[in-house]
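Encoded as structure tokens, the structure appears first; notes follow it.
The values are calculated or read from the model by the stated rules, or taken from the named source; none is laboratory data. The structure presented is a predicted model; accordingly, all values stated were derived computationally and were not measured. FYI the Cβ positions are ideal-geometry reconstructions off the backbone, even for glycines, and counts take in every protein chain you see. Please note that ligands, DNA and RNA were not included when accessible areas were found on the heavy atoms of the full protein model with its side chains. Shrake-Rupley method; radii C 1.70, N 1.55, O 1.52, S 1.80 Å.
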Amino acid sequence: GGYNDGGGGGGPVRVTDVYREILDDDFNLHDENYSWNGSRERRTLVPDDPEMNSVLGGGIMPGSICLVGGDPGVGKSTLLLQMAGSVASMAERSLQFQGIGMGPPKPSSTESDETSDDFQKQQQKQQQRNGGPVLYVSGEENANQIASRALRLGIRDPELMLWCETDADVIADNVASSAYGDFDFDANNNDDDNNNNNNSPRIPKQPSLVVIDSIQTMVCDAAGSSAAGGITQVRECVGLFLRLAKSTGVPIVLVGHVTKSGDVAGPRTVEHMVDCVLYLEGGGPLGAGGGGVGGESGSGGGSGGGGGMSSLRILRAAKNRFGSSEEVGVYEMGPAGRLLPVSDPSSLFLSTRQDSVDAEGCAISVALEGMRSMTVEVQALVAWSAGSGGYGGRRIVDGISNSRLLLILAVLHKRYGISFARRDVYVNVVGGMHLGKGSRGGGGGSDLAV
């Protein structure tokens, strides 16, 4: 119930009445000392993932729709499957899964309230009593493949439901049916032979979270006969899930493919429609941060060489209606393929630094990623080039933009008369960190290192 009517048929309501629904019970409209605190909203906190909670602005907002993009293989599906399993661990146990050995035990009603002053713990306990199952819908993998990945990630909860489906209308009808008990998603088609929904599983209870992996594989009737992944299909499917989330209060997370430029594939309208746009970055080969730049002859392009793969992942908010878009989350890819939250990235970046040895060409820089300051080490090396004639040397960077390096070298040449002709210049940020888009203050470290 409540005021989650996204179809516009509910009519206007007083904002103060909505305050009482979305905030905790002790909200007092006439209390002049009451200050807004995002943690007091009735959001779903993802267990054991403070990075995700921070990026989302304090947890998953009910009825929100979030779009997660990233390069292929960066770990989008892994991160969201972990999140789905964590949220499912707080779901109310189904009757057939309340026995011993069938997932986490159902919380006791006699739990101690000694920690009632900690609102987040109270919120988690409330979610454990009332949370529904988590629905993970995939249009790219079958159930066996998803289950194999979930087993590797250590997910054991039976309240995580897997569904391989690409028909957005069928998905929406099932979720709406679980939210409104009397909703008949087969009402418009009584032909059992031609009804595609007959084999669709009914969801026993309104889900606490729905994950769609990915939106480019979904199709709906409103888009006509256009192919999956096309502009019309993506726009109409996102619009359908948007109305579903707003009307039922079920939060929905969409996985989006990205183009060569790094933007989410599909119309730009999609990013305007959703509440949050998150990008998962990292995982590229170390040493591939930029190509070499030739001198006067224009030659000398270098790829940077291979230095293995970075285990660092950064979750960045490009848009967030319910929190700051300056927040970032840091993860490290563990040996089992699980993305582990990193609460202290500075320790990770500086863990291999040896202060007792000569640190010529190395500098420590404090970079501001969003609203989080991180201490990173920047390394630089200048060496004679093996080229001849008018060859100007190579400029190879990993972790900073190539244009930033060229600016530093130009300033050194202009102000201090230091020439880098026929010299190769290498700059590397330790740990796979990229001091580029979204980061501020990292240029000072590269300046000092050079």
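Descriptive notes on the structure:
- Fully extending the segment from Ala336 to Arg14, taken as 0.36 nm per residue of separation minus the present Cα-Cα distance, adds 110.9 nm.
- Accessible carbon and sulfur surface of segment 197-252 relative to its total accessible area, %, 1.4 Å: 52 percent
- If R0 equals 25 Å, the separation of the Cβ atoms of Arg415 and Ala383 corresponds to a calculated FRET efficiency of about 0.65.
- Figure note: Ile22, Ile155 ranked by solvent-accessible area, largest first, 1.4 Å probe, ligands and nucleic acids not counted: Ile22, Ile155.
- At the residue level, Arg149 shows approximately 30 square angstrom of accessible surface with a 1.4 angstrom probe and all protein chains present.
- Probe 1.4 Å - accessible area at Cys362, Å² to nearest ten: 40 Å²
- Chain lengthening between Ile231 and Leu406 when straightened (0.36 nm per residue, less Cα-Cα): 59.1 nm
- Rounded to the nearest 10 square angstrom, Val15 shows an accessible area of 80 square angstrom against a 1.4 Å probe.
- FRET efficiency for the pair Asn142 and Ser351, taken as 1/(1 + (r/R0)^6) with r the Cβ-Cβ distance and R0 = 30 Å, rounds to 0.15.
- Net charge of Cβ neighbours under 12 Å - reference Ala168; Lys, Arg +1; Asp, Glu -1: -4
- Leu368 versus Thr259: modelled label distance in nm, points set 7 Å from Cα along the beta carbon direction: 3.1 nm
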